[in-house]
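Shown next, in structure tokens, is the structure this report addresses.
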Amino acid sequence: MDSPSAHGPVPSARQLAWHRRGAFGFVHFTQNTFTDREWGYGDESPSGFAPTALDCRQ
């Protein structure tokens, strides 16, 4: 029996390989990173976001 044809977008080989990876990470820097708060309220000054010494390779 033949498989049904795809309807709509089909993931690329690269996208499928990404989903098969065993682990991945996501690092998100926000104003809360610099104010040491778990949740922000949007009232922080944008001048506080100054990651001048950020080294993502560490």
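Throughout, read-outs are computed from the coordinates displayed, never taken from laboratory work. These figures come from a predicted structure and were not determined experimentally. Because the Cβ atoms are built from the backbone with ideal geometry, glycine has one as well, and the counts that use them run over all protein chains shown.
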Pairwise FRET efficiency - GLN31 versus ARG57, Cβ, R0 = 22 Å, nearest 0.05: 0.45
task: Compute the distance in nm between two label points, each set 7 Å from the Cα along the Cα-to-Cβ direction, one at PHE49 and one at GLN15.
output: 2.8
message: Just to check I understand the Karplus step: with θ = phi - 60° and J = 6.51 cos²θ - 1.76 cosθ + 1.60, what whole-Hz values come out for region 26-39, glycine and proline as x?
response: 9, 10, 10, 9, 9, 4, 5, 4, 9, 9, 6, 10, 6, 10
